[in-house]
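Structure, as structure tokens:
What follows draws every value from the coordinates through simple rules; no lab data is involved. Treat the numbers as computed from the prediction; the structure is a model and nothing was measured. Because the Cβ atoms are built from the backbone with ideal geometry, glycine has one as well, and the counts that use them run over all protein chains shown.
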Amino acid sequence: MTTESATTQGQSDAKTGETLLSVKGMKMYFPVTSGLFVQRKVADVRAVDGISFDVKKGETLGLVGESGCGKSTTGRAILQLHRPTEGSVNFDGTELTELKGAGLRRFRRRMQMIFQDPFSSLNPRMSVAQIISEPLAIHGLYKGAERRDRLDYILNAVGLNPTYARRYPHEFSGGQRQRIGIGRALAVEPDFIVCDEPVSALDVSIQAQVVNLLEDLQTQFDLTYLFIAHDLSVVKHISDRIAVMYLGHIVELAESEELYLNPVHAYTRALLSAIPIPDPIVERDRERIILEGDVPSPLNPPKGCVFRTRCTKKDQCKCSDTVPVLEEVEPGHWVANCSCCMTK
Amino acid sequence: MARLLEVEDLQTYFFTDEGTVRAVDGVSWGIDEGETLALVGESGCGKSVTAMSILRLIPNPPGRIVGGSITFDGLDLLSVSDAEMRAIRGNRIAMIFQEPMTSLNPVLTIGQQIREAVQLHLGMNDDEANQKAVELLQMVGIPEAEQRIQDYPHQFSGGMRQRVMIAMALSCDPKLLIADEPTTALDVTIQAQILEIMANLSSELGTAVLVITHNLGVVARYADRVNVMYAGQIVESGSAVDIFKNPQHAYTRGLMASVPRLDDTEHTRLATIEGQPPLLVQEINGCSFRPRCTRESGCNCSTTKENNPKLVEVEAGHWVADCPCCMTSD
């Protein structure tokens, strides 16, 4: 089975597949305290402000948005690295927000994370063998000689020579360190991996190697991905469906090709037009939508439709009180229903 | 007509304990008045060091320009005095850096920093300089400019700080603007704002722009011509249209094929360039791309330094390093 047909197979499975992860109404607020002797809460950073989405088994759901939109926080809150302030995270039938201690730790085997920075996400005092074996030890998997075999298997799977197992992270390049991080996530045979900006810190030609690796591993090990990144070109390449986030909210959710061909929300359209395409002839004819101003602070987001302050139709906007909700405009294509953001 | 900036066989080396790093190793290129030239390549290819060499900002030790010449508007930049060079920096050649927060002085107001350039180079008094600073902030689209010139850098967002950098750079109406990864640290929608401002202003003022970037999309949108760098040398050079439509060198082709495009309709596996760029402490003889070229076994490139590939013109205005295996298409 060639990789090409395997990927297409994966995409059609995703369309009909069962739901592995279901997030409903999730909020993640971080309190800001102030005071000299007595710390008092003065405000909340509303990093994630009520989002809902599903991830189907075997699919890659892309989560895209700019700094401060809440995408990384979403990934961590799903894995219970931050405990959500509100909302439900249902993983394969189990409500994760109600688990703690040993119960939660058992679930962590099934959901893993790959981090952005290949330099700070590996313990510099642990060898590669120790880094990849640690999760096996924590979950009591592959004892004795089997653990060594498992280590070799994982290193080969991520394209690293098993003889490097005794080396330390500083002896590897950025791309190789990212492979080590992927190997660490794979070691415990997870079902679901949150990839938090896994290629942003890498050079262009190394990015391609790691993206291909992630796709191959998905097919080989039947993985489900939540792929978080700000580079929509990479996200569109690897994802079946994409959710666009802005200031703690999801503004649009659709299949990748549909999102590119028929973006509805004003923010999605601006985001797409801002991404330059490496082709001067195509670029010459593209529409450029330039947004005014900066992203508001999540300490004090605009009331109602959060995109209101940058929308070109802000004078006509009536959405200053009600928070828009996701509405299905076409089958499988959801948009936050602020009427001015939805009209061209 | 002579070009605005002409770089001939530039060599900038860094002398370190681990060996001599040949960061820029024999690079020749030029830029005309008013045009936008992109210098493209990945980390360590020598593009930033080239820019710093033009402005003689290479830290010494450990770095030194060991060979070649840089001619700007008829002046030999490598032989002018330090005082003459200072009169050129910020005035006739200006630079914008990648990290706006670390490039601005955190203890001076924005107004003080903008005024510094115009007072030093154009001899304005305090009132004139203030007026100019306000005009510049308005030009780059910062609202409430009269109040904002009294603010400090930390009171501005990343995108606003980069606009301030652009304002400072253009304050003395330079003939050449060097932008070193000006938007890499910024969000995509802010990147679009900043690049539009730079493009519009440079076109209005007739400023030539040297954009240093690894982002091929930015190059396609804004550059007239492109130089592709690898391991301290230029491997391909031409108009943006030619380079993208008809890339000749294996590295250029590899780079283009490895970047996912937003308008790809079919999911095709990304082509990769196997391996890593070479360590520049080792002297590279012959074609520097050879270890990663898919034609390595068939490569006849001699391994002596005298036979390093040289740029040859393959079509009008389109130059490629003449390693025959790198130039053959697959």
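Taking each residue of B:253-261 in turn, how many C-beta atoms of other protein chains fall within 10 Å of its C-beta, and what is the average?
Across the residues of B:253-261, the mean count of other-chain Cβ atoms within 10 Å is 6.
Output the peptides A:94-107, B:83-96 sorted from most to least packed, where packing is the average of other Cβ atoms within 10 Å over each peptide's residues.
Highest mean packing first, the order is B:83-96, A:94-107.
Other chains' Cβ within 10 Å of A:221-232 residues: what's the mean?
The mean count of partner-chain Cβ atoms within 10 Å per residue comes to 1.
Within 10 Å of each residue's Cβ, count the other Cβ atoms and sort B:42, A:287, B:315, A:215 from fewest upward.
So the residues, fewest neighbours to most, are A:287, B:315, B:42, A:215.
Kirkwood Rh over alpha-carbon pairs of the range A:77-118, then Stokes-Einstein at 25 °C and 0.890 mPa s: what D in µm² s⁻¹, rounded to an integer? Walk me through the intermediate numbers first.
Working: Rh = 11.1 Å.
Roughly 221 µm²/s, to the nearest whole number.
Take the Cα radius of gyration of the protein assembly as shown and divide it by 2.2 N^0.38 Å, with N its residue count; two decimals is plenty.
Computed over Cα atoms of the protein assembly as shown, the ratio equals 1.01.
What base-10 log of the normalised intensity I(q)/I(0) is obtained for the range B:165-280 from the Debye formula, alpha carbons as equal point scatterers, at q = 0.12, 0.18 Å⁻¹?
-0.52, -1.07
Where nothing but the Cβ of Lys and Arg (+1) and of Asp and Glu (-1) is charged, how large is the charge dipole of the range B:1-60 around its Cα centre, in debye to the nearest 20?
Details: 4 positive and 10 negative charges, 26 e Å.
Taking the Cα centre of the range B:1-60 as origin, the dipole is about 120 debye.
Find out how many positive minus negative residues lie around residue A:322, taking Lys and Arg as positive, Asp and Glu as negative, among other residues whose Cβ is under 13 Å from that of residue A:322. Show your work: numbers first, answer last.
Values: positive: A:303, A:308, A:318; negative: A:321, A:327.
That sum, taken over residues with Cβ under 13 Å, equals +1.
Can you list the residues, at least 5 places off or on another chain, whose amide H is less than 5 Å from the amide H of residue B:230, using H built in the peptide plane?
For residue B:230, whose amide H was placed from the backbone, the distant partners under 5 Å are B:235.
Could you state the number of Å between the C-alpha centres of the range A:267-333 and the range B:206-245?
The range B:206-245 and the range A:267-333 have Cα centres spaced 30 Å from each other.
Against the longest alpha carbon principal axis of chain B, how many degrees, from 0 to 90 and to the nearest 10, is the axis of helix B:158-170 turned?
It is inclined by approximately 80 degrees.
Ranked from highest to lowest mean number of other Cβ atoms within 10 Å per residue, what is the order of the peptides A:322-335, A:273-286?
A:273-286, A:322-335
Taking the alpha-carbon centroid of each part, what is the distance from the range A:213-256 to the range B:70-100 in angstrom?
45 Å
If each residue's Cβ is checked for other Cβ atoms within 10 Å, how do B:272, B:20 rank with the fewest at the top?
B:20, B:272
Based on the alpha-carbon gyration tensor of the range A:62-186 and its eigenvalue square roots a ≥ b ≥ c, which shape applies: rounded if a/c is under 1.5, prolate if not and a/b is larger than b/c, or oblate?
Oblate is the answer for the range A:62-186, as a/c is 1.5 or above yet b/c matches or exceeds a/b.
From the phi angles alone, apply the Karplus equation (6.51, -1.76, 1.60; θ = phi - 60°) to the range B:212-228 and give each ³J(HN,Hα) in whole Hz, x where the residue is Gly or Pro.
9, 7, 10, 8, 5, x, 4, 4, 5, 7, 10, 8, 7, 10, 9, 10, 9
With angles folded into 0 to 90 degrees, how steeply does helix A:174-186 sit against the dominant principal axis of chain A? Use alpha carbons for both and round to 10.
80 degrees
Could you put B:224, B:9 in order, starting from the residue whose Cβ has the fewest other Cβ atoms within 10 Å?
Taking fewest neighbouring Cβ atoms as first place, the list is B:9, B:224.
Could you work out how far helix A:3-16 tilts from the main Cα principal axis of chain A, as a 0 to 90 degree angle to the nearest 10?
Between the helix axis and the principal axis of chain A, the angle is about 60 degrees.
Starting at the first residue of the range A:297-313, write each ³J(HN,Hα) from the Karplus equation 6.51 cos²θ - 1.76 cosθ + 1.60 with θ = phi - 60°, in whole Hz, x for Gly and Pro.
7, x, 6, 9, x, x, 6, x, 6, 5, 7, 3, 5, 10, 6, 5, 9
So what's the projected area for the range B:69-215, the Cα convex hull averaged over all directions, in nm²?
Details: hull surface 36.6 nm².
Reported value for the Cα convex hull: 9.2 nm².
For residue A:56, what residues show an amide H to amide H distance below 5 Å, using hydrogens built from the backbone and excluding near sequence neighbours?
Long-range HN contacts for residue A:56: A:20.
Based on DSSP, what percent of beta bridges with both residues in chain A are antiparallel, to the nearest 5?
Expressed as a percentage, antiparallel bridges in chain A total about 65.
Enter the mean number of other protein chain beta carbons within 10 Å of the beta carbon of each residue in B:238-249, as an integer.
2
I'd like the distance separating the alpha-carbon centroids of the range B:115-155 and the range B:1-61, in whole Å.
Computed from Cα coordinates, the inter-centre distance equals 31 Å.
Only loop residues by DSSP count here, and only those with at most 15 other Cβ atoms within 10 Å; note down the chymotrypsin sites (Phe, Trp or Tyr not before Pro) in the range A:16-73 that meet that. Mind showing how you got there, number by number?
On the way: sites: A:29, A:37, A:53; in loops: A:37.
Answer in residue order: A:37.
Name the shape class, rounded, prolate or oblate, that the alpha-carbon gyration tensor gives for the range B:216-263, where a ≥ b ≥ c are the square roots of its eigenvalues, rounded holds for a/c under 1.5, and otherwise prolate holds if a/b is larger than b/c and oblate otherwise.
Oblate shape, in that a/c is at least 1.5 and b/c is the bigger or equal ratio.
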